[in-house]
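Nothing in this text is a laboratory measurement; each read-out follows from the coordinates by a stated rule. None of these values were measured; they are calculated from a predicted model. A quick note on method: Cβ atoms are made from the backbone with ideal geometry, for glycine too, and the neighbour counts reach across all protein chains shown.
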């Protein structure tokens, strides 16, 4: 798993990954996601990640050369336009961005989701103002569907691009 000479591995989310989640919650990292969350919101998110069960999976992205977590990626069941689909999302710490790591991590997560053969599609909803995340969708051959209003976090709406990837039969 070599992303521009950065070998990564996805590791299932664990209780000790709370520290990573707190690091991801910086203003710089959440500027396209409605801003930083409160400590209480982060603790609830961490609990959801740990308890996804059969509704999806969350991973920490491990940089193997340092054996350190440098981001997160995952997928989870959601309903979009009255259809059950997976949604995917990712975050890579700033000092590791622009190195192909997020692209590789999303590719690995999509491969994991496809092994389940549960839903036909996995969607990504990056902000229209987030060129890097939209570029990842293009690189991985997600199909651009449309711009849309997307509620994230709950109670807050943002303009996003709806990207879709067929995970059945790949």
Bridge type composition, the chain - antiparallel percent by DSSP, nearest 5: 95
Spacing of the two label points (7 Å from each Cα toward its C-beta) at residue 42 and residue 97, in nm: 1.8
Residue 14-residue 64 pseudo-label distance in nm [points 7 Å out on the Cα-to-Cβ vector]: 1.7
Residue with peak Gaussian network fluctuation, the chain [Cα springs, cutoff 10 Å], from 60, 127, 95: 95
Choice from 37, 87, 116 showing the highest fluctuation, given a GNM over the chain with Cα pairs closer than 10 Å: 116
The chain: calculated mean residue ellipticity at 222 nm from DSSP helix runs of at least 4, using -39500 (n - 2.57): -8000 deg cm²/dmol
Cα gyration tensor shape of region 29-115, rounded if a/c is under 1.5, else prolate or oblate by comparing a/b with b/c: oblate
Förster radius 25 Å - calculated FRET efficiency between residue 115 and residue 51, Cβ distance, rounded to 0.05: 0.75
Förster radius 22 Å - calculated FRET efficiency between residue 22 and residue 139 (Cβ-Cβ, nearest 0.05): 0.15
Of 40, 111, 149, the one that fluctuates the most in a GNM where the chain has Cα springs shorter than 10 Å: 40
